[in-house]
Each structure stands twice: as structure tokens, then as C-alpha cells.
Amino acid sequence: MMKTAAGKGIRPLIANELIKITKQISVRIFLIIFAALLIIVPLATRGLDLIINRISFTEDYDSYLELISLYEENGDFSGAAFYKGRYESYAYFRDLGLGNSSVEASVYLDSLRELYSARDAVEYIQAGRCTYGKLRENDWGQIRIINECYAEAYGLPAAVTDPEGDGNEGTGVPDVPDDKYGEAANADISDYITPEVLVRIYTDISAKIAGIENKVRNFDIRVFYSDRVADEEDNYASEKIQLQSIEEALKISPKDKDLLYTRELLKRSLEQKDSVIFALTHLRDSGSEFGGWEYKTALAVCAASKQAASCVPVDSETFETDPNLSQSFKDYKTYTKALAESEKQAVAARDTGLYSLRRGVVSRDTVDDSSRAAFQSHLAIAVSLSALIVTVIAGTSVASEHGSGTIRLLLIRPRKRTCILASKVLAILIVWGAMLALAFAVTFVMDALLHGFGDLFRSDLYYAFGRPFGVVFILSDIAMLFIDFLSLLPAVSLAFMLSVAVRKTPLAIALPLILNYFMSAMQMICFIAYSEGIKFIAYTPLPYSDLSVFTGTPLDRFIQGGGTGVSGITAGTLAKEILGGTVAGTDFSLLTGVLWMTAITSAFVLLSFVIFKKQQVKS
Amino acid sequence: MDNVKTPVLEISSISKKLGGRQILNNITLNVYPGEVFGFLGPNGSGKTTTIKLMLGLLRVESGSIRICGHDVTDDFEAAMGYIGGIIENPEMYRYLTGRENLEQYARMYGGIGPGRIEEVTALVGLSDRIDDKIAKYSLGMRQRLGLAQALLNRPRLLVLDEPTNGLDPAGIKDLRDTLRELAHKESVAVFISSHQLAELDLICDRIGIINNGILLDTLTIEEVRNAGSGAGPLITVEIDPSTAENLPPFLESYRTDDPSKLTGQTEREKIPDLIYALCDSGVRIYSVSSARHSIEEVFLSMTSEYAPGGRS
Ligand SMILES: Nc1ncnc2c1ncn2[C@@H]1O[C@H](COP(=O)(O)OP(=O)(O)O)[C@@H](O)[C@H]1O
Ligand SMILES: [Mg+2]
């Protein structure tokens, strides 16, 4: 068969389409705005970040002085003492040159504040400006401490509520012992408060303050971590003894439900201790920075291990008789399943955290003021901006040729329609690719300039196919870029399809954008629906409009605090926090999402080709 | 080359429905190399529809169209390699210059260099404005650029849909000269549609007349000129309709839908007898006219003859 003319690849057609796209004034304006935003967004968020930091981290201590005199004038000396305590404690750390986020302040600020405040209250009573009774009527928290000191000196009955002296249940890092005297702390001892008693109490409080101040001055982070390790080791030993005694007891009454249950709890707790001790030992041995990523990860490992240990179901009879349990779970089976799921998640989180500590692969949102986190979030913003513009380009692509009548002169060439449409698809992809490459380069440079190189090149932590792994920075970024891109493809391909099928530019652009907006709301709705028991929703495409949500690791939900960096406040991260860790062990999966988005995109593109091939140009 | 025997364009039994309406009805025609074929018909008669079928913009559902032997449906790419055309107003990318537009189409063929673009630009007389944006072009300039893009691939068949729209008289003369030259010197077949008949009179070698989707006839320009030489001139008699009933029986065939009008062909020698017979039988005559055979006359006589309700 004779084929006319030479050089008939698709390349010249793509060149045509690229020229058409880039020479349109409207597209040019969009591209200029896009390029400008690539520079503005990092600048603006950095500026915002600095402002937020200034607002939240510079306390205007002197304003406390005003508050104090205000409360004194109103005769509320408990309130006045409260703010005096605050003022003095902040001033104390300030004078030592330690910030509010220093480890010393984090550990001792609260207890020091309470003690200062109590001492100030006692001073008010001694000065005759107020009485114990009056203070008690309007207590801002000082009575408990005064009563405790009284109890220690004069022997009020002690009601011990917290034998470990560890009010903090979750993290394995105890804070200062609180309330040792239970009810006594709340007792009304007005009748016993004499000047001599007040002097005694004053001396006691001062001694306690001196003790804490001493601890602050001699603080050593390694000792701090060592204490935590020692605590856990003691804990391990005592639980082992406890388990032995329970085994003994079970020899006598082998069917005792409570004993059996406690034995199971203890066994699991002992099993998990390895991870807890490893995480804390890691902190101790590496002397990791307080509040740094290793600290956060180690705490998350401890929390996850403890959750894993606690997932022991009660037997079905106990379940039936416990009103709390039978109310929150439909039946016994649901209850045991939920516990098993929770355990699975906790174990996955624990293993991810251990991997992270062992390999030094940082989990997301654990580094404060991270260049990498800033880069990633700015890149994500750039990708969604680019999708907006590409949706416009795709929606215009074929529809505008019909609108202007140029379609007629386009289709009468010796070219297959399939080939012409393919050149349009490829041109759009090339323009998009170029925009993404530009976004990558500009964002990288901007964030390197604004935040320094810092951790810009570090690897990222992922969890997939049931195990954690690290991915080198550039690969990780490309993967994330692809995942964001894939999330946005259905909208763009819908715009393209409508452009072909409906031939009306405004509709082809507006409908996908509206749908996109609707789908991001849908994602949250799906999470809620899932948690309400509508599990099949995880297999529909509905929750997968933003795939980056599903790239979180199980560890994320156990990481406390999160980053205070610039990147914080997007709907995406909100969803990540809600869902992040939950993905492991649920029916949601990145793979399902990827498959759905690919399928939907393919369907739209295929439909475009089928329609375009058959379409008659009637106008 | 024995081109005369092989048609460049073969349209066989084409019918087309659009929106449930029959737009074209069993059209068959051939166009040969080196001839200018005028496709005549009033607005809405189906000219553009026929051209869109030839260029693959509409689907051929019954019948077939071949260009240089290649079926437009089955061998689209090969067929399009031989054809160049404009359909209705030639709309191009307004944000590109004339040259950039031509480059767009040139790239779709392959093997068309900047030289050819200069050539066609000069041919249509647009050289000094070719680097302006289309948005600044007049309708006439866009028609010229339309012709230029149609010529890019040195087509064997040039299809022009109402190309004189928006052209001034000088532009029409230029077009006429260009088309003549292409057809007679380069053996290009030109298929040109129009509803403005006078313009085609001077260009066409052959015409086809279409009305309501039906191709009434195809005639060479000689046949048009000599349309009367066999049966005599076409005469039209304007009469008082109230006296029409007195019409002699041998003139029954002269009746038209309009009771005040009689038309028919007769030998020149018989016209006085005809007038006498009418007077004699009491038909009152206001005027008698004898028509000259131009495309316009042929066209009008045919389209009225085949008008709905008329004989067919
Ligand atoms: N898309 C369409 N749907 C229905 N009828 C159409 C369509 N396009 C054209 N027509 C009708 O077909 C007839 C022929 O149109 P067209 O070929 O453009 O005529 P011409 O070019 O001879 O003026 C007209 O009556 C027109 O109304
Ligand atoms: Mg027309």
C-alpha cells in the first residue's frame, strides 16, 4: 500500500499541540501565575511561620504583673497567687537561660509553678491579706499543696491513689509525683491553720522548691533517660514477680477468671517490654536531643507497645455483664475483632518505630522546623495548583477547536483521529510534566534558601506490604509526586473527556473542579462512614480522591505533638492525622486507591478516544 | 498521462441523513483532473454537507466517495493526502500568526518545508501580512489564507466551499486566475461550491446543480451555452390568469405553478405562431421573453422544475 508523504510520526502533531497550548494568552497568564506562586508560597508560609512562632513562643511575662495586681484588687488572692506562680516559674527558667521548650522546663515547669503559687498563697495569708478559708472558697489549686504539707507535718490520714507515683500512664516517662494524699488534700483544715503552722508549711514548700531547683540545675539528659530505662527495668522485674505469684495462685484455683485475665495482661506486657526498653535505651545511649525525632519516635514505640499489650479480650460472660463493653460493641465477636485490629495496628506501629530508630530513617512530622517537611508540603501545594491549570488546559483542548471552528481544518489532514487525539493527550502530559519539574526545582531552591539544606536530603519512612522500609529522598519525592499526580489524574481526564464529548469548554472545566471539591469532602465522609461500620466503602473509589493520605505509616498516630513547622495546617494533614495510622489493619489501602484512580483515568481516556473517533463534525 | 479517463473525485450514490432529515439523496458525480467543477445550489441545498462527506468530517453511511481511487472511509489517510480544502469560513487559530497557522498544517503532512509556505503565501497574495495574528485579519484575508492552507500539500483535488464569501471584486478575479492556472497548468481538479451563480460563470468547465439534496444534472459549460440549440430558446409568457383556461391544448405543457406564467421551449421560427395561437384562443398577453442560456438560467429553470410539487 502506498503511504503518502514522509516523516509522519506523532511528534510533529505533539509539537503542534504544544504550540497551541503555550501560545494561548490565557494559558500563558496561568503559567506565569503558577511560576510566581512557586516562589510566593514558600516565602509566605515561611513568613507566616515566623509570625506564628513569635506569637506563640514569646510570652509577655510582664503582663502577668498586671493580672496579679488586678486579682489582688478584686480580693481574689488565690488567682493572684496563681499568676504570681506562673510569673515566677517562667522568670526562673528565663533567668537560667533555659527556654520554655527546654527539657528542664518541660519536666519541671508545672510542678515548680504549683509550688511557687502555693508559697505565694501562704505569703498572702501570713501578710493578713487573706485567710485559709477565703483561699479555699476560691481555690486555684494551692489548697492541695498546702494540705499535703500539713499532712506530712501533722499526719493527716494518707490515701494513696497512685502507688507508682507515676501519674502518666502512656509514655513511660513519668512526670513529677502528684497527689500523694488523696482526700486529705481536699480536706478543710481551716481550724488548724495557726501562724506557727503557716511557718511550718512555708518552710516545707520552700524546701520542695529548693529540691526541684536543685534538680533543674543538675539536670543531665542522660541521667533523665537512664532513669526512664531503670524505671522500665524495675517495672519488668516487678511484673515478672507478679506473674509468678499469679501462676502460684492459679495452681490453687485454676479457673479463676480474674487471675487468668491478669496473667494474660502481664504476659503480654512482659512480651512488649523489650521494645519499650530498647527504645528508651536507644535514647539514653545516643543521648538524643530532647523533643527530637528520636525522642518522639521512642515515645511512640512505648505507647504502641503498651497498646499492643493491653489488647486482651475479656471472656464472653464478662463481656455480657459489663455495660460499657456491651454498649460500645455490637456483639462479642465484633469486640474481639476490634481488639485484634487494634493490636495489629499497635504492633505495626511499634515495628515501624523500632525500624526507624535502628536505621535512622526519620518518620514524617517528627522533625521540628524541617526543611524536608517544608519542601514536601510546598511541592504538594504546587502539584495541586498545577492540576488546576492542567484541568483548564484539558477542558479547553478539544472543546475550543469546536468552539472556534478550527476542528474542521484540523481533521481533514492525512492523519488518524486517534493519532491527533493522542498528540493532544501527550502534549497535556508534557506540559504537566514540565510544570511539575519546574515546581520541583523552584520549590527545592526556595526551601533550601529559606530553611537551609538541613534534612532536605534525608530518606523517608514508609510502611507497605506489612513492613516498614526507608526510601531515598529523590525516589521518595518522585513516588510522592506520582501519588499526588495519580490522585489528580481522574479530574484532568474527566475534563478531557468532557471536552471531547460535550464540546463545551466551561462545562468541561467546571464540572471536574466541582467534582474534585466534592470528592475531597467525600473522603472525610468515607472515613466517618467506615468508622461507623460501613466497611465496604474502603473498596469503592470514593475515599481515594487524595492518595497521599494513605502513605502514612502506622506509627503516625502514636507520634505525639507532630511538627510545629510551616507545613502544618492543610486539610491533607488533618486527614492524615485522623487516618494516618489507622490505614494499617483497616480495609483502606493505597493499592486499592491506586488501582481505582488508574482505572477511572483509563476509562475516561478510552471513552474520549472512542467518542472522538466516531464523532461527526456537524457544525 | 491518460488522466482524462480517471476521475480524481468519484462520488457514488451518496445519501446522508442528519438529525432525522434526509439532507442528501443519492448523489453521484465525477470530477476529472484539470477541470473546474462548479457545485451550484441555493442555501441549504446540501453543498457543505457533500463537501464534509468528501473530507471525512461526516460519516459516509450509504454510497461511497473515492479520491484518486482511495475510499474516504476505508483509506482515509491516503485519500486526505490528495485533497486540500476549505469548508464554509476557514477558521484558524486566532492567537497564532498566518505563518504559524500554515506551519501547523504543514507539520501534519510532513515533507512540507518553509519554501512551500512562502510559495502558497505569495500565490494568494498574503506575503506582507503573513506574520500578523489571525485576529487582525479581515474576512477576505482569512479566505486567502484558507486557500493557502488548502494548497500546502499540492492537492490533486482542491475543494472550496463558497470561497468568494468576503472577497472584493479584485479578490474574486485573483481567485479566478489562480484556480484557472492550477487547473489548466497543474492539472488540479477544482471542486467549487457556490450559491452566487454569476461568479462561477467565468470559472467553471463543468457544473453540477443541487437542490434539496438532489443532484439535478451535471453539464459542461458548452452544454450550458447551447442549452437551446436543440429545442430552441426558453420562452416565458406573462398572461392574464383569468384567461388561462382558454389555453390551446398543444400548449398545456407550458403551464407552471404560477397561473400567470407560461414557459416552454420551442424553435425560434415557431414563436410568432405560438403568440398568434394564444391571441386567437383569447389568452391575454402582457409580455413575451426569450431567455439567454447562462448558468443562471439553466439553474433557475432546473431548480423550479424540480421544486417540491413540480415534476420530477
Ligand atoms: N447538524 C445538522 N442537523 C440537521 N440538519 C442539518 C445539520 N447541518 C445542516 N443541516 C441541514 O442540511 C441542509 C443542507 O445544509 P448545507 O449542506 O450546509 O447547505 P449549503 O451548504 O448548500 O447551504 C440544510 O437544510 C441544513 O439545515
Ligand atoms: Mg454551505
Lone qualifier among A:438, A:409, A:429, A:450 - being under 30 Å from residue A:619 (Cβ atoms) and open to solvent by 40 Å² or more (accessible area, probe 1.4 Å):
A:429
Any chance you could count how many residues in the stretch A:112-160 are within 41 Å of the chain's Cα centre (by Cα), among the small types (Gly, Ala, Ser) and modelled with pLDDT of 90 or more?
3
Hey, does the stretch B:139-146 have a residue that's within 11 Å of another protein chain (Cβ to nearest Cβ), in contact with a Gly (Cβ under 7 Å, 6 or more places away or on another chain) and more than 28 Å from residue B:50 (Cα to Cα)?
no
Kindly provide the set of residues from the stretch A:109-135 that are assigned to a helix (DSSP H, G or I), within 18 Å of residue A:73 (Cα to Cα) and open to solvent by 60 Å² or more (accessible area, probe 1.4 Å), ordered by number.
A:123, A:126, A:134
For residue A:509, state whether it is open to solvent by 20 Å² or more (accessible area, probe 1.4 Å), of a type in the set (Val, Ile, Thr) and in contact with a Gly (Cβ under 8 Å, 6 or more places away or on another chain).
yes
Single unsatisfied condition, residue A:313 versus (1) crowded, with 20+ Cβ neighbours inside 10 Å; (2) farther than 21 Å from residue A:235 by Cβ
(1)
Helices (runs of 4 or more DSSP H) (entirely within the stretch B:1-113) containing at least 1 residues that are away from ligand 2 (no atom under 16 Å from the Cβ) and within 24 Å of residue B:222 (Cβ to Cβ):
none
Residues of the stretch A:349-378 being open to solvent by 10 Å² or more (accessible area, probe 1.4 Å), part of a helix (DSSP H, G or I) and touching a Phe, Trp or Tyr at 6+ places or on another chain (Cβ under 8 Å), which ones?
A:354, A:355
With respect to residue A:543, determine if the residue is over 22 Å from the mean Cα position of the chain (by Cα), surrounded by 17 or more Cβ atoms within 10 Å (Cβ to Cβ), assigned to a helix (DSSP H, G or I) and not polar (S, T, N, Q).
no
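Looking at the stretch A:392-406 only, could you name the residues that are touching a residue at least 12 places away in the same chain (Cβ under 8 Å), closer than 24 Å to residue B:76 by Cα and either open to solvent by less than 10 Å² (accessible area, probe 1.4 Å) or at the interface with chain B (Cβ under 9 Å from one of its Cβ atoms) (or both)?
Residues of the stretch A:392-406 that are touching a residue at least 12 places away in the same chain (Cβ under 8 Å), as a first pass: A:392-400, A:402-403, A:405.
Next, only the ones that are closer than 24 Å to residue B:76 by Cα stay: A:397-399, A:402, A:405.
Hits for the stretch A:392-406 are A:398, A:399, A:405.
Among the listed residues A:389, A:412, which satisfies the condition of being within 14 Å of chain B (Cβ to nearest Cβ) and at pLDDT 95 or above?
One residue alone meets the criteria, A:412.
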With the first residue restricted to the stretch A:79-94 and required to be assigned by TED's automatic domain parsing to the domain that holds residue A:140, and the second required to be β-branched (Val, Ile, Thr), Cβ contacts under 6 Å at 6 or more apart or on different chains are A:80/A:68; A:83/A:68; A:84/A:68
Taking the stretch B:62-88 as the search range and keeping residues that are within 7 Å of chain A (Cβ to nearest Cβ) and more than 16 Å from residue B:190 (Cα to Cα), which one is surrounded by the fewest Cβ atoms within 10 Å (Cβ to Cβ)?
B:77
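Going residue by residue through the stretch B:239-261, is there one that turns out to be crowded, with 18+ Cβ neighbours inside 10 Å and within 16 Å of ligand 2 (Cβ to nearest atom)?
Here is the first cut: in the stretch B:239-261, the ones crowded, with 18+ Cβ neighbours inside 10 Å are B:239, B:247, B:254.
Keeping just the survivors that are within 16 Å of ligand 2 (Cβ to nearest atom) gives none.
Among the residues of the stretch B:239-261, not one is crowded, with 18+ Cβ neighbours inside 10 Å and within 16 Å of ligand 2 (Cβ to nearest atom), which makes the answer no.
Residue under question is residue A:77, and the condition is that it be more than 14 Å from chain B (Cβ to nearest Cβ), open to solvent by less than 40 Å² (accessible area, probe 1.4 Å) and at pLDDT 95 or above; does it hold?
Against the criterion (more than 14 Å from chain B (Cβ to nearest Cβ), open to solvent by less than 40 Å² (accessible area, probe 1.4 Å) and at pLDDT 95 or above), residue A:77 does not qualify.
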Which numbered condition in (1) under 25 Å from residue B:10 (Cα atoms); (2) at pLDDT 95 or above; (3) more than 11 Å from chain A (Cβ to nearest Cβ) is the only one that residue B:176 fails?
(2)
Test set (1) touching a helix residue (DSSP H, G or I) at 6+ places or on another chain (Cβ under 8 Å); (2) at positive phi - residue A:80 fails condition number:
(2)
Within the stretch B:139-162, count every residue that is open to solvent by 10 Å² or more (accessible area, probe 1.4 Å) and within 16 Å of ligand 1 (Cβ to nearest atom).
1
Among the residues of the stretch B:22-43, what is the count of those that are more than 14 Å from every other protein chain (Cβ to nearest Cβ) and within 12 Å of ligand 1 (Cβ to nearest atom)?
8
Step by step: first the residues of the stretch B:114-164, then only those that are over 27 Å from residue B:30 (Cα atoms) and either among the basic types (Lys, Arg) or in a strand (DSSP E or B) (or both), then the one that is nearest to ligand 2 (Cβ to nearest atom). Which residue is that?
B:142
Please find, among B:182, B:200, B:175, B:219, the residue that is more than 19 Å from residue B:49 (Cα to Cα) and within 16 Å of ligand 1 (Cβ to nearest atom).
B:200
Select from the stretch B:106-136 the residues that are hydroxyl-bearing (Ser, Thr, Tyr) and more than 14 Å from chain A (Cβ to nearest Cβ) and write down the one among them that is nearest to residue A:15 (Cα to Cα).
B:121
Residue under question is residue A:240, and the condition is that it be more than 30 Å from residue A:86 (Cβ to Cβ) and modelled with pLDDT of 90 or more; does it hold?
yes
Single condition residue B:18 does not satisfy, out of (1) within 16 Å of ligand 1 (Cβ to nearest atom); (2) without any contact (Cβ under 8 Å) to a residue 24 or more places away in the chain
(2)
Exactly one of A:499, A:476 is in a helix (DSSP H, G or I), surrounded by 22 or more Cβ atoms within 10 Å (Cβ to Cβ) and of a type in the set (S, T, N, Q), and that one is A:499
Exactly one condition in (1) closer than 30 Å to residue A:124 by Cα; (2) of a type in the set (A, V, I, L, M, F, W, C); (3) surrounded by 13 or more Cβ atoms within 10 Å (Cβ to Cβ) is false for residue A:260; which is it?
(1)
Of these, B:94, B:59, which one is within 17 Å of residue A:412 (Cα to Cα) and either out of contact with any Lys or Arg (no Cβ under 9 Å at 6 or more places or on another chain) or within 9 Å of chain A (Cβ to nearest Cβ) (or both)?
B:59
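The values are calculated or read from the model by the stated rules, or taken from the named source; none is laboratory data. None of the values given here were measured: they were computed from a predicted structure. All Cβ positions, even for glycine, are placed from backbone atoms using ideal geometry, and neighbour counts span all protein chains on display. Side chains included, ligands, DNA and RNA excluded: accessible areas come from the protein's heavy atoms. Shrake-Rupley method; radii C 1.70, N 1.55, O 1.52, S 1.80 Å.
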